[in-house]
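Colleague: Take this structure, written in structure tokens, and hold onto it; I'll ask about it next.
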Amino acid sequence: MTSAVGAPPIPAGLTGDDLRRLYYYLRLTRSLETRLTNLYRQGKVIGGLFSSLGQEGESVASAYALESGDILSPLIRNLGSMLVKGARPVAVLRQYMAKAASPTRGREMNIHFNDLALGYLGQISHLGDMVPVMAGIALSFKVRGEPRVGLVYVGDGATSTGAFHEGVNFAAVQRVPLVVIVEHNGYSYSTPTLRQTAVARMADKAHAYGIPAVTVDGNDVLAVYEVVGEAVDRARRGEGPTLIEAKTMRMRGHYEGDPEIYRSKEEVEEWKKKDPLDRFTKKLLDDRTLTPADIEKRKAQFAREIEEAVAFAKQAPFPDAGEVTSDVFYQG
């Protein structure tokens, strides 16, 4: 299935409240990352900033298709998925600022942190490596007879790695309840897709593993929700993994400060016309799920909430130097 650019019908089971919650998480992700960009430029963010601006629709919609007991493994551009699962903006801000009260207590930046109670597994940066990890977690669900599903995100570049192959192959052979989402944004850092793989569609790689695959417009929130929901239901029924190729584009560089000399301004401008938040907002306005007054009210609400979270994060102390070795395992 490949969705068209126009908004699809509302998937079965999504209520007006669901649509408003999807909008909430989309707007929250956009607002938080926009504020993080400003903080980075002010020198308040420690380490790198990898923005999902332009891709957040796919993250929010896919995570929203999961149930409370399911586990997902995000990448650096899946902040929206973590917010859907319950991550709080103040925790994310403290993490980026390396504060003592951050989820990793100042040891790691970006969104490399766990909260298994909420349902997300801390990522590692090595391309593709979380696929076999999540295949193992999904296998544990199957062995214990638990009706739970795992979901793992990878970029298009990761599909050319051994870890991706081994993980998907294992998941396919064992028929584990796993959904693999390939975020195809056209570039592996600065390497265009055609220079790192010979296939035009990432979904075609699923043929090698004997599993179903879907290509979807990753900037179409409702289309993503629908295909991920179908894959999750299939996995929960014991029918094994599905590979989903979400075609999208990041609106900023690979990292904040990336000069982006590897892609044209014309390409970026063309993708801006497909902005997931703009498209979803238009859908809700056209259907009268939200009114222009609702939109303005929510924008003001998010601005207040984010500024309050920023104030709390700024006031939080940095970790004490004496804590640097606590909870660190070493075997000589």
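The values are calculated or read from the model by the stated rules, or taken from the named source; none is laboratory data. What you see is a predicted model; the values in this text were computed from it and never measured. Every residue, glycine as well, gets a Cβ built from its backbone with ideal geometry; the counts of neighbours run over all protein chains shown.
Colleague: So for region 228-235 (the condition being closer than 23 Å to Thr193 by Cβ, outside any helix (DSSP H, G or I) and within 21 Å of the chain's Cα centre (by Cα)), does at least one residue qualify?
Modeller: The answer is no, given that none of the residues of region 228-235 is closer than 23 Å to Thr193 by Cβ, outside any helix (DSSP H, G or I) and within 21 Å of the chain's Cα centre (by Cα).
Colleague: Between Arg20, Arg30, which is among the basic types (Lys, Arg) and under 22 Å from Val268 (Cα atoms)?
Modeller: After applying the criteria, what remains is Arg30.
Colleague: Please pick out the residue among Tyr225, Tyr153, Tyr187 that is at pLDDT below 95, over 15 Å from Gly240 (Cα atoms), among the aromatic types (Phe, Trp, Tyr) and surrounded by 20 or more Cβ atoms within 10 Å (Cβ to Cβ).
Modeller: Tyr187
Colleague: Counting residues that are among the hydroxyl-bearing types (Ser, Thr, Tyr) and under 18 Å from Gly16 (Cα atoms), which helices (runs of 4 or more DSSP H) fully inside region 249-328 reach at least 1?
Modeller: 276-286
Colleague: How many of the residues in region 106-128 are surrounded by 19 or more Cβ atoms within 10 Å (Cβ to Cβ) and not β-branched (Val, Ile, Thr)?
Modeller: Going through region 106-128 one residue at a time, the tally reaches 9.
Colleague: Given Ser51, Ser68, which one is of a type outside the set (Val, Ile, Thr), at pLDDT below 95, touching a helix residue (DSSP H, G or I) at 6+ places or on another chain (Cβ under 6 Å) and in a loop (DSSP other than H, G, I, E, B)?
Modeller: The match here is Ser51.
Colleague: Give the residues of region 178-206 that are assigned to a strand (DSSP E or B) and under 17 Å from the mean Cα position of the chain (by Cα), sorted by residue number.
Modeller: Within region 178-206, Leu178, Val179, Val180, Ile181, Val182, Glu183, His184, Tyr187, Ser188 meet the criteria.
Colleague: Return the residues of region 72-84 that are surrounded by 22 or more Cβ atoms within 10 Å (Cβ to Cβ) and not small (Gly, Ala, Ser); say none if nothing qualifies.
Modeller: Leu72, Pro74, Leu75, Arg77, Asn78, Leu79, Met82, Leu83, Val84
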